Structure formats: C-alpha cells, structure tokens
Amino acid sequence: MIYLFLIILLLFLVFILYNKTRKNFVLCLMYHSIDSEKNKGGIFIDEFEEHIKWIKNKKTFKMEELKGLDYTLPPNSILITFDDGYKNNYTLAFPILKKYNMKATIFLNTKFIEKDETYLNWDEIREMYESGLIDFQLHTHSHQLTVKDIEVLAFYDNESSPYFKRESYSLFFDGSYDEKKDAKKLNGLPVFKLRSKISIPGYKPKKDFVEKYRKIMELQEDNMSEKEKKEFLNKLFKKRKDEFFDKISEEQFRKTVEFEILENKKIISEKLGKTPDCLAYPWGHRYKGNRDDIKKLGVDIFITTRKGVNSLNLDKNWIYRVSGDDFESFDEFKKELTDGSGAYYRKLRKIFIKK
C-alpha cells in the first residue's frame, strides 16, 4: 500500500512540475464584442489592439486550416477566436487584425445576421472571409437557451446584459428580439439556471407563462424583498410545475440539436461556398449525449470555453480557450501567454490557491 501511495504522489508531483514548466503549448484566445468605449460589456478597442500587437510575432491559424495540418501546430503558435459574430468584429477588430496580419476565426450565430443591427451582415462576412485572414465556423443557428433547473436565481432588469436578454427572449416570447423595443419586456421576469439548447433537453416556459406570472405577481405585496419573491416563486413552480413549464422530450431535443447545427452549417455553406466543420459550444455548454451524435452532423472539431492551454498536437475533440475579454490588466494578459498549465491543473489551482 505504501508503494502505491508513493507512486501516486510521484505522478502527482510530475503532473504539477509539467504544468508549471511547460513551454510548448497553444493558447486559444476567445473574444466576443470589441467596444469603442470602456465598460460596455466587451473588451475596449485599445486593450484589444494592445493584445494583438503583443502577439504579432506568433504564428496564427484559422480553424479551417487545422485539418490540413493534421491538427499539429508549430511552436510559437496561437489561435484567435471570436464568438457570436457582432458587427464590431468587422468595424473595430478586423482593421487591427489586418494591420498586424493576424488570422482569426469567428464562430457565427446565423439567425441574427441581417436581422439584428448589432450583428454582422453577409457583405461584411464575405469581405473578411475573402481577405484570407478570417474564417467563419459553427456556433449554432440561434445560440438560444433552455431551462435546466426550475429554480429562480434572479430577475431580469435594466442592468441585465443586452446579450443575455437577446438570447433569453425566445424562452418567453415569439419572434425576434429588438433591443430598442423589447429590452424592458423581460424586466421582472425570473432568471432560471439555463443551458444551451444543444446541451440538454430541459424545460420551456409555456406560451401563457408571462401572462400568468404577471397576474400572480400583481397580487403579491409590493414590499416583498427579492429573497421573499424567490422563495414564493420556487414554492409555486415546484407545486404547479406542469402548469407553467413544458418538459422537452428526448425526441424534441434531438430535432433541436440537428436543426441548430445543420441550419447553421447550411447557411454558412451557401453564403461562403465552404463547409464549416468546427463547433464552438454556445455558452461553453457541451452536448451531454454521445459526441458521435454531433460528429454525424458533420462536426470535426469541438471548441469549448473551458480555461486551459492545448498541446501542439491538438485534441480536436476538446480545444480549450482563455477569455481575452476578462483580463484585469495588460500584465495579466502577458502572464497568461507564459502559463502552460492545462485545464485540470487550473481547476485544482483554483480550488487550493486563493488569489
């Protein structure tokens, strides 16, 4: 028994040493919105350019190039990605990428293209793609959500992220979200624990949910605290779950997954004359079924939001990323570029080492 313990201890020490001293690895940066002002929800444009300028001597690759490289990258490589497909990826990020001749991939939600002014249009997408610098890949058609647990966590209000409101809208209302007209429609509605529609089946509020909910809340005392509202609603929804929610069946879920990926794939293929085969999980919520179900839909590479670096020999089933949106300082960004620790080590470090 003592020998087994020593072997396990030795392996653990080797694991720590490897993660602390690793030099050859691939960092995959993830961005969303590039903003012309600070504190708007994305990364400020000057900070983004600072990032790109600092890594300008690294080798960059588009996702569509990985298969031809046998998923193996040379030392000093880095991957740059953007999720969703916001218009500022064209107006603000693209000029900077061109300036430093850096390649990147945008994972595109096709539902909002030319239907929402905060997103790209096809002329902009084609221009970026034809530049040879920017690739476009799968992020599902709608990026929408399902209710995982019927437990009220908070309430939508004026401080709620416009991106979160947009993608929550279809839970409660039909049609497309218009930020100018619809932002306040969600105010006061409950926020549940949510997951991507292609992650789990989950629940969907019934068609009359909002009407019933508003009537019930009108009858409650105005001076109820948020905590009291949550407690009241959680008891109500637990007791009358079937009155307020539809459970999504496995068959409905399968059809949703197929539609979200195949529609996303079809539109990009038709518009750009290419076959996208890389999927960035919406919200980072991976599919909880067998990954082969997704592979059968033509997906070859899977990208997550789980934090960590990748080997030079990429694992196409699980490409880790680091959020470029969230660095508190440029020094923190520079430090990240030298941190060769993988996802599991980072998870352990987060548990045992407090900042």
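The values are calculated or read from the model by the stated rules, or taken from the named source; none is laboratory data. The structure presented is a predicted model; accordingly, all values stated were derived computationally and were not measured. When we count neighbours, we look across all protein chains shown, and the Cβ atoms used for this are built from the backbone with ideal geometry, even at glycine. The protein model used for the area step is the full one, side chains on, heavy atoms only, and it has no ligands, DNA or RNA in it. Shrake-Rupley method; radii C 1.70, N 1.55, O 1.52, S 1.80 Å.
Exactly one residue out of 181, 204, 230 is basic (Lys, Arg), over 30 Å from residue 62 (Cα atoms), open to solvent by 30 Å² or more (accessible area, probe 1.4 Å) and in contact with a Pro (Cβ under 9 Å, 6 or more places away or on another chain), and it is 230. Within the stretch 189-213, the residues that satisfy the criterion of being among the small types (Gly, Ala, Ser) and over 20 Å from residue 240 (Cα atoms) are 196, 199.
If I ask for residues that are among the acidic types (Asp, Glu) and closer than 15 Å to residue 30 by Cβ, which ones from the stretch 292-329 would you list?
Those that are among the acidic types (Asp, Glu) and closer than 15 Å to residue 30 by Cβ: 325, 326.
To keep it simple, each residue is scored yes or no on (1) over 18 Å from the mean Cα position of the chain (by Cα); (2) of a type in the set (Val, Ile, Thr); (3) open to solvent by 50 Å² or more (accessible area, probe 1.4 Å).
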residue	(1), (2), (3)
113	no, yes, no
117	yes, no, yes
127	yes, no, yes
134	yes, yes, no
152	yes, yes, no
157	yes, no, yes
168	no, no, no
173	yes, no, no
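Scan the stretch 139-150 residue by residue and report those that are in contact with a Gly (Cβ under 9 Å, 6 or more places away or on another chain) and crowded, with 18+ Cβ neighbours inside 10 Å. Correct list: 139, 145, 146, 147. Using beta carbons and a limit of 9 Å, which pairs, at least six apart or on different chains, have the first residue in the stretch 234-250 and over 17 Å from residue 153 (Cβ atoms) and the second one hydroxyl-bearing (Ser, Thr, Tyr)? Close Cβ pairs satisfying both conditions: 246/203; 247/203; 248/146; 248/203; 248/256. Taking into account only those residues within the stretch 208-221 that are at pLDDT below 95 and part of a loop (DSSP other than H, G, I, E, B), which is most open to solvent (accessible area, probe 1.4 Å)? Ranking the qualifying residues of the stretch 208-221, first place goes to 219. Looking only at residues of the stretch 86-99 that are open to solvent by 40 Å² or more (accessible area, probe 1.4 Å) and either at pLDDT below 95 or not charged (D, E, K, R) (or both), we find that the one that is farthest from residue 125 (Cα to Cα) is 95.
Table: residues versus (1) at pLDDT 95 or above; (2) in contact with a strand residue (DSSP E or B) (Cβ under 9 Å, 6 or more places away or on another chain).
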| site | (1), (2) |
| --- | --- |
| 18 | no, no |
| 24 | no, no |
| 27 | yes, yes |
| 30 | yes, yes |
| 34 | yes, yes |
| 37 | no, yes |
| 40 | no, no |
| 46 | yes, no |
| 55 | yes, yes |
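Looking across the stretch 123-149, the residues that are farther than 21 Å from residue 261 by Cα and at pLDDT 95 or above come down to 123, 124, 127, 128, 130, 131, 132, 133.
Those helices (runs of 4 or more DSSP H) of the stretch 241-315 in which at least 2 residues are open to solvent by 10 Å² or more (accessible area, probe 1.4 Å) and closer than 24 Å to residue 171 by Cα, considering only elements entirely within it, cover 241-244, 250-272. Examine the stretch 62-79 for a residue that is modelled with pLDDT of 90 or more, in a helix (DSSP H, G or I) and in contact with a Cys (Cβ under 6 Å, 6 or more places away or on another chain), and state whether such a residue exists. There is at least one residue in the stretch 62-79 that is modelled with pLDDT of 90 or more, in a helix (DSSP H, G or I) and in contact with a Cys (Cβ under 6 Å, 6 or more places away or on another chain). Looking only at residues in the stretch 29-85 that are of a type in the set (Phe, Trp, Tyr) and closer than 21 Å to residue 95 by Cβ, the one that is surrounded by the most Cβ atoms within 10 Å (Cβ to Cβ) is 82.
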